Amino acid sequence: MGGGLILSGDCRSDSPGHCAKYGTYSLIEDRINKVLDLQLVQSSEVPSSTWCELEGLKCSIDFLKEQHMHVSALITDRNRQVAKWVREELYPGGTSHFFDIWHIGLGKALDAAAKERECEDLKLWRPAIINHLHWTAASTADGDPDVMEAKWQSMVNHVQDIHEHGTPAFPCCAHPPLEGEARDKEWLEPGTTAAIKLERVTLRTALVKDVRKLSPQHQTYSLEACHSLILHFAPKHTGFSFLGMYSRLLMAALSSREVARTSDGEVRYAVRYPRFCKGGWVVRPIKEKPSYAYAAALMESLSEGYSRSPETLRESSAVLSSTAPAPLSTSCQEIAKDEAVGLYLSRHSRFNTGN
């Protein structure tokens, strides 16, 4: 694509917590909303399962380089390992790194602050503050970090009815005067506990640094939907071999549904009430029902390939198997079954002496 690829990347673990067996790193080209690459990493290939995300990204970038593709922008969550690696390895080559707004995690911090003494008014401002975070990125098309920082910091003044900020990047609020029905909340009084607490929560050094890297145009929503779809093909409560998991990931990546339309060709929409909106609503386009026709086409292609040259298909299968890492159990020290049973019974006999 002209100007390089604009990618969203994220990792999915096959189990919750920090004991995952597999990590799946996915890359989606945001302008066409298509999965560009999937990398499956087994935890035995890295120091620990928390390293699967970085290793998956490295493998994906290596694959794209082999295809002579350049990444102009990469949108991820705030994983510090990934941020450091991108800054050192990709940024010098012209790749811009942005953070997804969804992963900033400001809502929980505001909820906690609103529960403190004399800070109840922060609860009324919570939706507006979250909206301002999204507006900060969306209204800065070029992603200028200085402008985004100034816009974000202006929010602390705005909620205190101060609309002149004295910063060259964003000198004053962009809204018209708010009077009468245009106002639906009371301003916070400067110097009050609530105003001071809000400033501490929203202007933390780490948070401001992350705001400077917010993605202005693309987010990782499609990746979250892709990872939800993978659950249909590879549920987390079921264990799979490496190649079994990899096959299911590819099947999930190939799955696609078009937007449903009326008989007049108009896009169909539905109103949803997701939990994260806390009683609010969103409008989403309705998708067609999945057909999975591609699965039948793949099976037919495999059957034809086997009919033409069984040996070639066997060789391809052997090559694929040779690239799979050894099962996790191979790293365990083996013990004879009789010895293991004996140790098990001796340990449990201590609790059965009275029977």
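The values are calculated or read from the model by the stated rules, or taken from the named source; none is laboratory data. Keep in mind that this is a model prediction, so the values were computed, not measured. Backbone-built Cβ (ideal geometry, glycine too); neighbour counts: all protein chains shown.
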Could you list, in sequence order, the residues of segment 28-42 that are of a type outside the set (Asp, Glu) and within 16 Å of Leu249 (Cβ to Cβ)? Ile28, Lys34, Val35, Leu36, Leu38, Gln39, Leu40, Val41, Gln42
Does segment 207-238 hold any residues that are touching a residue at least 12 places away in the same chain (Cβ under 8 Å), part of a helix (DSSP H, G or I) and farther than 17 Å from Leu74 by Cβ, and which are they? Leu207, Val208, Val211, His227, Leu229, Ile230, His232, Phe233
Segments classed as helices (runs of 4 or more DSSP H), wholly inside segment 256-355, with at least 2 members that are of a type in the set (S, T, N, Q) and at pLDDT 85 or above: 293-308, 310-323
Looking at Pro327, Pro290 in this structure, which one is surrounded by 10 or more Cβ atoms within 10 Å (Cβ to Cβ), out of contact with any Lys or Arg (no Cβ under 6 Å at 6 or more places or on another chain) and not assigned by TED's automatic domain parsing to the domain that holds Ser44? Pro327
Kindly check whether there is at least one residue in segment 42-51 that is surrounded by 15 or more Cβ atoms within 10 Å (Cβ to Cβ) and closer than 23 Å to Tyr221 by Cβ. no
Does segment 84-96 include one or more residues that are over 25 Å from Gly3 (Cβ atoms), at pLDDT 95 or above and of a type outside the set (Gly, Ala, Ser)? yes
